[in-house]
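Remarks on the structure that follows.
Here, each number is a calculation from the coordinates, and none is a lab measurement. All figures in this text were calculated on a predicted structure; none of them were measured in a lab. Cβ: placed from backbone, ideal geometry, glycine included. Neighbour counts: every protein chain shown.
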Amino acid sequence: MRKIQKILEKIETFLMGKPLIYEILEKPATSCIIGLCTAIWFYIQKKNIGYSNVGLSYDAAIEGHHWRLITSAFSHVSVLHLVFNMSALWSLGVVEQLGHMGLGVECYLQYTLVLIVLSGVLVIAVYHVLIQKFKVEYFRRVTAAGYSCVVFGWMTILAVKQPSSKLSLFGVLSLPISFAPFESLIFTSIIVPQASFVGHLSGIVVGYSIAWGLIHGMNNYWAIMMLGWVVLVFVLSLKRSGALDLSFIEIENVTDSSLPTVGFVGNGRTLQMAVLPRTGAELV
């Protein structure tokens, strides 16, 4: 009874704390991401979309479905999966308030983009090694989706930058942030067997790379440049894979003799400037 009473007191404290509108204003980027993921979840439920339609898998990436690198990060099919990830993300939104430690809103947005892209690329790289080197064909069929890579990444960054913090889940469970990444990794692997161990671990690896300064130098200029390339690859891969009808975009082969050529001395070969020719589930 005492344990139940303590839990109820914690819930009451959580609910009776600072008004939600103030919390949202203090965590604008986190609030927008949670709103986006929730809206996407509603759309997925309404259209009866499955992991195979939006998730990231090795075979899909090899076939040119690079757009899945983005859609997989923001897509949740299970409501429990969504609630768990968004609850952890809300707690990690404190990063937006740590401008005095070199973090803050701009840093949060810049490195969130880095986490989304690099953790997804790392997942596919690990799958490639497991499939090609160790012949573990199971990972060809694994489809990952969810925002957990980014959650684990920020969990790791905060563990390094502010180890005295605590990670709150649902306003009830509180974990020391310094151990949270690996505690959560083990916890989710045991409680949710279909959770992507590789995806979560990739988020942790990229998170440590950022926290230790191995990945650094991001500013608004580089973030916008990176976002531009992400959008370009996203749209072109959608077009080429035929996943979405983008008939207003045409990719044509250009073989105009008026274009400048560059010769290679000794082999007689030349290069001509041209546009590229047109070509034909786990929870994270």
*Which pairs, out of Lys135/Lys166; Lys46/Lys166; Lys47/Lys239, put more than 29 Å between their alpha-carbon atoms?*
Lys135/Lys166; Lys46/Lys166
_10 Å binning of all Cα-Cα separations within segment 116-211, expressed as whole percents from 0 upward_ = 17, 44, 29, 9, 1
*Near-label residues of segment 185-200 by backbone N, under 20 Å of a point 7 Å along Cα→Cβ of Phe134*: 185-190, 193-200
*Sticking with the crude label model, points 7 Å out along Cα→Cβ, report the distance from Ser189 to Ile24 in nm, one decimal please.*
3.8 nm
*Would you list the P(r) distribution for segment 187-238, with all Cα-Cα distances sorted into 5 Å bins from 0 and each bin expressed as a whole %?*
5, 16, 12, 14, 19, 16, 11, 7, 0
_Built amide H within the under 5 Å cut-off of Leu167, gap 5+_ = Leu175, Ile177
_Label point distance in nm, Val233-Val79, each placed 7 Å from Cα along Cα→Cβ_ = 3.5 nm
*asked:* Sort 82-95, 147-160 by packing, meaning the average of other beta carbons within 10 Å per residue, with the highest value first.
replied: 147-160, 82-95
_Size of segment 70-161 as Cα extents on the principal axes (Å, biggest first)_ = 48, 29, 21
*Net charge of neighbours whose Cβ lies under 10 Å from the Cβ of Trp90, counting Lys and Arg as +1 and Asp and Glu as -1*: 0
